[in-house]
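To start, the structure under review is shown below, and the notes come after it.
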Amino acid sequence: MNGLSLFKRASRAFDDYPSLAKLIVVCTVSGGGYVAYADANSSNGAHAVAPPVSEIRKKKVVVIGTGWAGTSFLKKLNNPSYDVQVISPRNYFAFTPLLPSVTCGTVEARSIVEPIRSIVRKKSVSVSYCEAECFKIDAENKKVYCRPNPDSSMNGKEEFAVDYDYLVIAMGARPNTFNTPGVVEHCNFLKEVEDAQRIRRSVIDSFEKASLPTLSDEERKRILHFVVVGGGPTGVEFAAELHDFVNDDLVKLYPAAKDFVQITILEAADHILNMFDKRITDFAEKKFHRDGIDVKLGSMVVKVSDKEISTKVRGNGDEITAIPYGMVVWSTGIGTHPVIRSFMQQIGQTNRRALATDEWLRVEGCNSIYALGDCATINQRKVMEDIAAIFKKADKDNSGTLTVKEFQEVIDDICERYPQVELYLKNKKMRDIADLLKMAKGDVAKEAIELNIEEFKKALSEVDSQMKNLPATAQVAAQQGTYLANCFNRMEEVEKNPEGPIRFREEGRHRFRPFRYKHLGQFAPLGGEQTAAQLPGDWVSIGHSSQWLWYSVYASKLVSWRTRALVITDWTRRFVFGRDSSRI
């Protein structure tokens, strides 16, 4: 009974003194135990009751797309205060750099894909997936309208809407046909796993057709003419893979077809692999010439029919040349997705190739919508647009002139907000900002430099010439997804403690540091177990050693241990047994 009386007195104490922060009372009754716990925190004498966790509304984040950008975002997002809904017509992530290898059986299609549900299964964040395609974005009402995957039994008729607090658009882009007649009807693209499988079947079909006894030699030559339109990394790698497939494997199975096979690359520019170092470009063109791959430079495709591709060669007047072919792979860059084009018209971003975002990947004019990957481009602010605000912010004593000391106090924020400033100094081989100001002022000692607004404009007048758009690559998309996830993970933290650069037009600081792309290098497999590598620091490597570097880097970048094991197994199988030439 004494124990029970003690419990009653303790209970009365909690009622009489709610300011007690925490109290634990342990009572023993007949050898048993009882624990009482109170957490009172009320300034007005009333009991404070925290709402159940389930009643706290989570922010709804809708992610459109399961490519490099969307999957990187999902993998790195770890803040449980979000409820994430993923919408995509494909329920997997595909390692697209290995698509050319899939076209020729070097790697199997299943080896480079990972189900999106497997990727997010063990995350602490609530993530759900819906296999559907988004056909409309309503920014005003914060809704996205979707329909089931067209391949499903519903035939896309059951449309539905999804609300969001934040929208992450990462749906990629479509192949750019430049409205060339016949491309959609007669050409193969190489953007998806299904495209690679279709090309693989077409290659085998071409050899089987060419082996029929009823065909003439001229018809065999046409059927076994493989044309690649576009001399970028994808087109070049496919041509190299196809050359190895034909010479290492298919000629053994189709010996009579060897003399009829021809591979042609049509490139409208003066060189293939224009985004690479000239040393790589020259090596690739010479190697392809030795291998018998015909590279036609300055050739613009104007029309594609079911058996001929018409080209116009630059500098040859308006003369049109018709080239017979058996299969065409179209790889000429990316175009705007219809949904993105419609959304851009809705928000007033007309006459653009992709959605314009600020340096924080936020769509311009839409505070709660972010866009990343191939469907978006960062609209880097120009220094000259903010030159007056920068000058005013730096001129702390309001003297109307700017000293080197005053400018150096804000130079870190300027370089972070406008990266073209740092790049300009680097390219001009200037040690610091004082050299730039001295150039505008003339023969004056650095410590004595004082610039008015016009002289300051003159000093920075050429800085914006260093601005460049980021390339539409998997590397860029993956880094953007990781960056945005880190922003979402720390959203509440930086609201209280902003970590970004100074706001030159307003007070305070930006919440986050702007996105900065870090180039980690690029590869161009050229066939024959030779790869060209261009790495940071102007380091170029070409040959067999670079091929092994390519193997190791790509294996490490695969999304799971399962896909790593499968791809390495495929490479090993190819070394031992060759590529599979079955039509499946």
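The values are calculated or read from the model by the stated rules, or taken from the named source; none is laboratory data. No experiment lies behind these values; they were computed from the predicted model shown. Counting neighbours? That spans all protein chains shown, and the Cβs are built from the backbone with ideal geometry, glycine included. What goes into the accessible areas is simple: the full protein's heavy atoms, side chains included, and nothing from ligands, DNA or RNA. Shrake-Rupley method; radii C 1.70, N 1.55, O 1.52, S 1.80 Å.
Worth a mention:
- Other residues lying with their Cβ under 11 Å from the Cβ of Arg381 contribute a combined charge of -3, Lys and Arg counting +1, Asp and Glu -1.
- The 1.4 Å probe gives accessible areas that order Ser368, Ser81, largest first, as Ser81, Ser368.
- Three-way shape call for segment 513-584 based on the alpha-carbon gyration tensor, with the a/c threshold at 1.5: oblate
- Over the Cα atoms of segment 465-515, the radius of gyration divided by the Kirkwood radius equals 1.07; this is the Rg/Rh ratio.
- Protein heavy-atom surface of the chain, 1.4 angstrom probe: 50% of the accessible area is carbon and sulfur, with nucleic acids and ligands not counted.
- Cα-based equivalent ellipsoid, segment 442-584: semi-axes from gyration tensor eigenvalues, Å: 47, 24, 12
- In order along segment 196-209, the phi-based Karplus estimate (6.51 cos²θ - 1.76 cosθ + 1.60, θ = phi - 60°) of 3J(HN,Hα) comes to 5, 5, 5, 5, 4, 5, 5, 4, 5, 4, 4, 5, 5, 5 Hz; Gly and Pro are listed as x.
- Solvent-accessible area of Tyr166 with every protein chain in place, 1.4 Å probe, in Å² to the nearest 10: 50
- Relative to one another, the C-alpha centroids of segment 515-584 and segment 215-272 are positioned 22 Å apart.
- Of the Cα atoms belonging to the chain, the radius of gyration and Dmax stand at 30.8, 110 Å.
- For segment 345-391, average projected area of the Cα convex hull in nm²: 4.0
- Tensor-based shape of segment 100-206 (alpha-carbon gyration tensor, a/c under 1.5 rounded, otherwise prolate or oblate): oblate
- Per residue solvent-accessible surface (Å²) - the chain, probe of 1.4 Å: 51
- Compactness of segment 311-404 was expressed as the Cα radius of gyration divided by 2.2 N^0.38 Å, which yields 1.84.
- Selected from Gly508, Val476, Leu460, residue furthest toward positive end of dipole (segment 429-527; charges at beta carbon): Val476
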